[in-house]
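*Asks:* First the structure, which I've put down as structure tokens, then a few questions once you've had a look.
The values are calculated or read from the model by the stated rules, or taken from the named source; none is laboratory data. Since the structure is predicted, the reported quantities are computational estimates derived from the model, not experimental observations. Here the Cβ positions follow ideal geometry from the backbone for every residue, glycine too, while neighbour counts run over all protein chains shown. Ligands, DNA and RNA are stripped out before the accessible areas are found, and what is left, the full protein with its side chains, is counted by its heavy atoms. Shrake-Rupley method; radii C 1.70, N 1.55, O 1.52, S 1.80 Å.
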Amino acid sequence: MQNHIQPDRIMTYNGHKDEELGIAIKNLVYQAGKHDYFVDLFGGTGAASTAVNKRNNTKYVYNEKDKFIYNLFEVIADDKLYKRLAIEINEFKD
């Protein structure tokens, strides 16, 4: 199995997946071998999505019914939007 360190969660969220589930997901994905999609059915904090080693030809789907949480992850996943968000947060702090 590949050595992968799961990033810290950026927020807590009711129903978040604990570290043990992240390890189980990582192991299951590794054992599954080649796959074209990874679907995080209950997105939340993204604990399942971040537990998986990224593969170039795999499509990742983050599913979350809370539109505000979903939007936050869309922004974080986009380099340009993430940088803009960081700038705006720093300006807000000042």
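*Asks:* Starting from region 62-83, take each residue that is open to solvent by 80 Å² or more (accessible area, probe 1.4 Å) and list its partners that are acidic (D, E) and assigned to a loop (DSSP other than H, G, I, E, B), counting only C-beta distances under 8 angstrom and pairs at least six apart or across chains.
*Replies:* Y70/E64
*Asks:* Let me ask another. Would you pick out the residues in region 84-94 that are open to solvent by 100 Å² or more (accessible area, probe 1.4 Å) and either in contact (Cβ under 8 Å) with a residue 24 or more places away in the chain or not hydrophobic (A, V, I, L, M, F, W, C) (or both)?
*Replies:* R84, E91, K93, D94
*Asks:* Across region 45-54, what is the total count of residues that are assigned to a loop (DSSP other than H, G, I, E, B) and either in contact with a Gly (Cβ under 8 Å, 6 or more places away or on another chain) or open to solvent by less than 80 Å² (accessible area, probe 1.4 Å) (or both)? So that I can check it myself, show each step before the final result.
*Replies:* Residues of region 45-54 that are assigned to a loop (DSSP other than H, G, I, E, B), as a first pass: 45-46, 52-54.
Filter once more, so that each one left must be either in contact with a Gly (Cβ under 8 Å, 6 or more places away or on another chain) or open to solvent by less than 80 Å² (accessible area, probe 1.4 Å) (or both): 45-46, 52-53.
Looking only at that region, the number is 4.
*Asks:* Filter region 27-44 down to the residues that are at pLDDT 70 or above and open to solvent by 40 Å² or more (accessible area, probe 1.4 Å), then identify the one that is farthest from D66 (Cα to Cα). If you could, list the steps in order and put the result at the bottom.
*Replies:* Of region 27-44, the ones at pLDDT 70 or above are 27-28, 34-44.
Now restrict to residues that are open to solvent by 40 Å² or more (accessible area, probe 1.4 Å): 27-28, 34, 36-37, 39, 41-42.
Values: N27: 28, L28: 27, K34: 31, D36: 26, Y37: 22, V39: 17, L41: 13, F42: 10 Å.
So, considering only residues that are at pLDDT 70 or above and open to solvent by 40 Å² or more (accessible area, probe 1.4 Å), the one farthest from D66 (Cα to Cα) is K34.
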